[in-house]
């Protein structure tokens, strides 16, 4: 795989999608890239009982992680060669609980603003039938370049 420093964020993510479609964390949690466009990234996944908390529902961390990935990667599509980002703030609103019967979910992140030092994005996590499961926002620090 080509080093990220040699590619724009959009090039890197498109290459990742053409390969495994997931970073190591995505492999661990079972989610993967399904769309990469300029300013918009979508991940898909199927929550299972492997993601359950003690209350026998999918842990909120699953929704937070897939949304953080979608929103952060949406920001990454706007970054040049050698420029990275770090999440500095993440806000998630949980609307519906997930369980092993939820089926396939989609987390779409959309850029709101990208400046020289900070970027913001918003995201929506939906079920296969279009029901909103969670939504959120992120602030990212831009570094490098």
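The values are calculated or read from the model by the stated rules, or taken from the named source; none is laboratory data. Every value quoted in this text rests on a predicted model; they were computed, and no experiment measured them. With ideal geometry, Cβ positions are generated from the backbone for all residues, glycine too; neighbour counts draw on all protein chains shown.
Scan segment 82-92 and tell me whether some residue there is modelled with pLDDT under 95 and farther than 21 Å from residue 26 by Cα. Yes, segment 82-92 contains at least one residue that is modelled with pLDDT under 95 and farther than 21 Å from residue 26 by Cα.
From the set of residues in segment 19-50 that are part of a helix (DSSP H, G or I) and within 17 Å of the chain's Cα centre (by Cα), which is nearest to residue 96 (Cα to Cα)?
Among them, the one singled out is 29.
Residue selection: residue 99 fails the criterion of being on the phi > 0 side of the Ramachandran plot and part of a loop (DSSP other than H, G, I, E, B). Here 63, 74, 121 are screened, and the one residue that is in a helix (DSSP H, G or I) and closer than 30 Å to residue 6 by Cβ is 74.
Whenever a residue of segment 63-82 is under 15 Å from residue 35 (Cα atoms), its partners that are outside any helix (DSSP H, G or I) and modelled with pLDDT under 95, lying with C-beta atoms within less than 6 angstrom and at least six residues away or across chains, give the pairs 66/31.
Residues in segment 111-126 that are within 21 Å of residue 32 (Cα to Cα) and touching a helix residue (DSSP H, G or I) at 6+ places or on another chain (Cβ under 6 Å) were compared, and the one that is surrounded by the fewest Cβ atoms within 10 Å (Cβ to Cβ) is 111.
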